[in-house]
Amino acid sequence: MNQTSSQFRKVLTRYISFRGIDIVLHLKDGTVIELDKNRKIEGNFIIRNHKDGKVEKIEISKIKRADFFAA
């Protein structure tokens with residue numbers, strides 16, 4: 001998804017709330033992260049809660065691309 005950062009954030013915010021959408025994030029450092037259904041946006045971060053209780057924050061500005069898949 002190649003859009004301006006405000007458009008990207010708007011689309012990402014909308015799709016984060018849909019639990020039937022799988023999201024794969026490609027970060028600028030080359031890391032690929034698949035978000036599970038337990039996710040939300042707070043400020044400039046995506047909060048990712050793991051099944052084992054760990055909480056991970058992903059800064060939105062570090063995201064290069066996001067792929068969305070209907071589950």
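Quick note: the coordinates plus some simple rules give every number you see, no bench work behind them. Everything quoted here is computed from the prediction, not taken from an experiment. Reconstructed Cβ throughout: ideal geometry from the backbone, glycine too, with neighbour counts over all protein chains shown.
Things to note:
- Here the chain is assigned +1 on the Cβ of each Lys and Arg and -1 on the Cβ of each Asp and Glu. Its dipole about the Cα centre then comes out at about 200 debye.
- Under-13-angstrom lysine pairs by C-alpha in the chain, whenever the two are 8 or more apart or on separate chains: 4
- Extending 7 Å from Cα along the Cβ direction at ILE47 and again at PHE18 yields two label points whose distance is 2.3 nm.
- Bins of 5 Å from zero: percent of alpha-carbon pairs in the chain: 3, 16, 31, 29, 16, 3, 1
- Length-normalised contact order of the chain in % [C-alpha pairs under 8 Å, at least 6 apart]: 34 percent
- Only helices enter the 222 nm calculation for the chain: every DSSP H run of n ≥ 4 contributes -39,500 (n - 2.57), and dividing by all residues gives -5000 deg cm²/dmol, rounded to 500.
- Angle between the chain longest axis and helix 5-16 axis [Cα atoms, degrees, rounded to 10]: 30 degrees
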